[in-house]
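First the structure, in the form of C-alpha cells, and then the observations on it.
The values are calculated or read from the model by the stated rules, or taken from the named source; none is laboratory data. Computed from a predicted model, the values in this text were never measured in an experiment. Glycine also receives a Cβ, built like all others from the backbone with ideal geometry; neighbour counts cover every protein chain displayed. Side chains are part of the model used for accessible areas, which takes the heavy atoms of the whole protein and leaves out ligands, DNA and RNA. Shrake-Rupley method; radii C 1.70, N 1.55, O 1.52, S 1.80 Å.
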Amino acid sequence: MERNRWYKDMVFYQIWPRSFKDGNGDGMGDLWGVLSKLDYIRSLGCDGIWFSPVYPSPGADCGYDIADYTDIAPEFGGMEAFRAVLDGLHNRGMKLIMDLVVNHTSDEHEWFQKSRQRIDPYTDYYIWRPKKPNGKLPNNWQSNFEGSAWQWDEVRGEYYLHLFAVKQPDLNMDNPLVREEVKRILRFWLDMGVDGFREDVITFISKKKGLPDDRLFPIYKGMRHYNHGPHVHEYLTEFKRDVLDHYDCMTLAEAPLVSPKRALEYIDEENGQMDMMIQFQCQTADCLFTDWLPTKFSLRRLKKAFSVWQYGLEGKAWNMLYLENHDHPRIISRYGSEAYRRDSGKALAAAYLFLKGTPFIYQGQEIGMLNWKPAKPELYNDVQTRNHFANSNPKKPLEKRLRELWRSSRDSARTPVQWDDSENAGFTTGTPWLPVNENYKEINAAAEERDPDSLLNFYRKAIALRKALPAVRDGEYREYFRLSSKLYVYSRKTDEQKLLVICSFADTDMKIRVPRGFDLKSGKLILQSHTDISESTLKPYESRVYLWE
Ligand code: NOJ
C-alpha cells in the first residue's frame, strides 16, 4: 500500500493515562476520563492522540511493563471504554496511536512465567544466561533503571537480561516466534481500527551477538552493544513488510542517542521502516545525556538541536517535534522561567510549533504546568527516581537531595492534570494516586480558558496558524543569529509565503534583531505573546510571528 502520510498535517496530544482525568473516582486516570475530554483536546486543534500504555500491567514502570498486549487494563475502563474512546476520536476525525512496548514485557506476563519454567515454545522468548564458572555476571551491562542489567531467577536457575527495571525482562527478538508475537499484536490493534504506534525504545531490540562487555562508556554501560544493534533494520523491515504495509498507519520510533544521519536509516521516506522518530537531542539543552546530569540551560544548545534535525532530515524524512513527554520534567521549569511562566511558555511554544514536522503536546504542557516539588522523597512513585534517590549520597543534606529529584525526576511531569481550582484540581473525586501539584489553584485549565491572553489560547492560535499556512507545513527552514544565547529567530519559506519567528529567552528587555532581507513593517504580525509591543525592543520572553505573502 502506498503510504498516505496523513500525519504530516496533524498535531498530536500525548496522554499519560494515569494522570489525565479520572472518570470513576478511584483516584487513577482512566479512559472514561479521556472520553470526557475529547472535545477539549479537539479544541486545541489537535487531531491525534498518543496513549502511553493502557494494557494490563503490574505497574512497576507505570504500564511500560506489560502483562497482556491485547487487552485494556480494568483500572483504565477495559475494552468497553477503549472502544468508546476510539469511536469518539474517529467520529471527530481524529486518530489514535498506541504505545508498542516490545523490547521487554512484564515479568508477570504469561510468556515470562512459562519461559522461566522452560515450557515450550516460550523457553527462548527471553535472554537467559547461565552463571559463569567464575561466579561473575554474564556481562557488565548496566540497566537503565537499577544496577546491573542481569537478574538471577531462582525458578530457571539462570540470569535474565533487563535493560530497564528488574520486572521488565528483555524479549529475545532473535527468536522468530517472538517476532510473530509482535506481528500478532500489531495486527490485533490495527484490525480494531487503531491508526499507528509509538514504538518504545525500538532501537534496542537487537543485541550484539555474544553480548560482549562494554569497556568504553562510564554511563549507559552496554548501550553501544544494543542500541541500533545488528538486526534491528531487518526486524523492523519484517514488521513493515508483513503487517504495517497492509494498513493505512503511522509509526513513531523512540530512539535514544541518535543523530539525524542514523535516523535516516530508520525513517528515510524512500527506504526507511518507520515514519518518524523521537530523538532526545532537544532534551539535552540543560543536561549531559540524561536529566540526572543537569547543566545550566543553554539556548544555543536547544537551537542547535532544532536546527540539526531540521536541516538533517530536509527533503528525506519527517521530523517529530516535541518539548515534553512523560519521561522528562516540565519544560517551563527547565528551559523557560517559572517567574515568567506564561510568557516563557509562549516563547517555547513558538520556538517549536512553527518548525517543520509533526508537533506533539504532552498533557498539561498547554496550560503551563510546572515541576512538582514534594516535601518528602517517599511521595515519589517512579521506579527510576526511587532508585536514584536510594543510590544518592545519604551524607548530602536531604534538602539538596530533594532538589535533585525536583529538577530531574520523571514524576515532576507526571502529577495529575490541573483542570480547575476545585479539590484535587478537578482530576478526581477520590484520592489521587500521585499528589496534585500544590500550585493548582493558580495554574489550571479553567483559569487558562477564561483568560484570552493565556498560554492555552496561545497554543490554540499557533496550532490554527500551523494548519492554515502552507509555509509551516512545507516551507524551507532557516535559522538566524545562531550565536545569540538569548534570541531564537528562524524563517520558513515557500515560493508564496514567508514566515519569521522571533523568540526571546531573556528575562530582561532585549533589542530586537531582524535578519537581512526582512522588513517587519511590511510583514503582518500574525501571532504575538504580548499585546502592546515595541518596534525596537522585546519584553522578557516575548515571541512574535510575522508573515509575508
Ligand atoms: C521509554 C518510556 O518512554 C519510558 O517511560 C519507559 O520507562 C522506558 N522506555 C522503558 O519502557
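What tally of residues in region 185-206 results from selecting those that are part of a helix (DSSP H, G or I) and under 16 Å from ASP170 (Cβ atoms)?
3
Which of the following residues is touching a helix residue (DSSP H, G or I) at 6+ places or on another chain (Cβ under 8 Å), within 16 Å of the ligand (Cβ to nearest atom) and open to solvent by 20 Å² or more (accessible area, probe 1.4 Å): ASN387, ASN381? Step through it out loud before you land on a result.
Values: ASN387 fails: touching a helix residue (DSSP H, G or I) at 6+ places or on another chain (Cβ under 8 Å).
None of the others qualify; the one that does is ASN381.
Does any residue in region 98-127 that is aliphatic (A, V, I, L, M) come within less than 7 Å, Cβ to Cβ, of a residue that is more than 16 Å from the ligand (Cβ to nearest atom) and not in a strand (DSSP E or B) six or more places away or on a different chain, and which pairs are these?
MET98/TRP189; MET98/VAL194; ILE127/ASN172
Name the residue that is nearest to the ligand (Cβ to nearest atom), counting only residues in region 128-146 that are free of Cβ contacts under 8 Å to residues at least 40 places away in the same chain and surrounded by fewer than 19 Cβ atoms within 10 Å (Cβ to Cβ).
By that ranking, first place goes to LEU137.
Does region 427-485 hold any residues that are open to solvent by 30 Å² or more (accessible area, probe 1.4 Å) and of a type in the set (Lys, Arg), and which are they?
LYS441, ARG450, ARG460, LYS461, LYS467, ARG473, ARG478, ARG482
If you take the residues in region 202-222 that are open to solvent by less than 10 Å² (accessible area, probe 1.4 Å) and within 16 Å of the ligand (Cβ to nearest atom), which one is nearest to the chain's Cα centre (by Cα)?
Step by step, filter region 202-222, then rank; the result is ILE202.
Looking only at region 462-505, count every residue that is assigned to a loop (DSSP other than H, G, I, E, B), closer than 18 Å to GLN528 by Cα and hydrophobic (A, V, I, L, M, F, W, C) and tell me the total.
Step one: of region 462-505, the residues assigned to a loop (DSSP other than H, G, I, E, B) are 469, 475, 481-486, 494-497, 505.
With the extra rule that they be closer than 18 Å to GLN528 by Cα, the set shrinks to 469, 486, 505.
From the residues that got through so far, the ones that are hydrophobic (A, V, I, L, M, F, W, C) too are 469, 505.
The total comes to 2.
Which of the residues belonging to region 67-104 are away from the ligand (no atom under 16 Å from the Cβ), open to solvent by less than 20 Å² (accessible area, probe 1.4 Å), on the phi < 0 side of the Ramachandran plot and outside any loop (DSSP other than H, G, I, E, B)?
Across region 67-104, the qualifying residues are PHE76, ALA81, PHE82, VAL85, LEU86, GLY88, LEU89, LEU96.
For the structure I just gave you, tell me whether LEU313 is under 21 Å from ASN371 (Cα atoms), modelled with pLDDT of 95 or more and crowded, with 20+ Cβ neighbours inside 10 Å.
No.
Quick one: in region 509-549, of everything that is basic (Lys, Arg) and assigned to a loop (DSSP other than H, G, I, E, B), which residue is most open to solvent (accessible area, probe 1.4 Å)?
Restricting to residues being basic (Lys, Arg) and assigned to a loop (DSSP other than H, G, I, E, B), the top hit is ARG516.
Quick one: how many residues across region 356-378 are open to solvent by 10 Å² or more (accessible area, probe 1.4 Å) and either at pLDDT below 95 or of a type in the set (D, E, K, R) (or both)?
Total meeting the criteria: 4.
Within region 255-281, can you find the residues that are surrounded by 21 or more Cβ atoms within 10 Å (Cβ to Cβ) and part of a helix (DSSP H, G or I)?
ALA263, TYR266, ILE267
Run down TYR40, TYR64 and say which single residue is of a type in the set (Phe, Trp, Tyr) and either more than 19 Å from the chain's Cα centre (by Cα) or surrounded by fewer than 21 Cβ atoms within 10 Å (Cβ to Cβ) (or both).
TYR40
From the set of residues in region 332-362 that are touching a strand residue (DSSP E or B) at 6+ places or on another chain (Cβ under 6 Å) and in a loop (DSSP other than H, G, I, E, B), which is nearest to GLN528 (Cα to Cα)?
Residues of region 332-362 touching a strand residue (DSSP E or B) at 6+ places or on another chain (Cβ under 6 Å): 346-347, 350-362.
Within this subset, residues satisfying the condition of being in a loop (DSSP other than H, G, I, E, B) are 354-357.
Working: PHE354: 13, LEU355: 17, LYS356: 20, GLY357: 22 Å.
Ranking the qualifying residues of region 332-362, first place goes to PHE354.
Please find, among PRO394, PRO435, the residue that is out of contact with any Phe, Trp or Tyr (no Cβ under 6 Å at 6 or more places or on another chain) and modelled with pLDDT under 95.
Unique residue meeting the criteria: PRO394.
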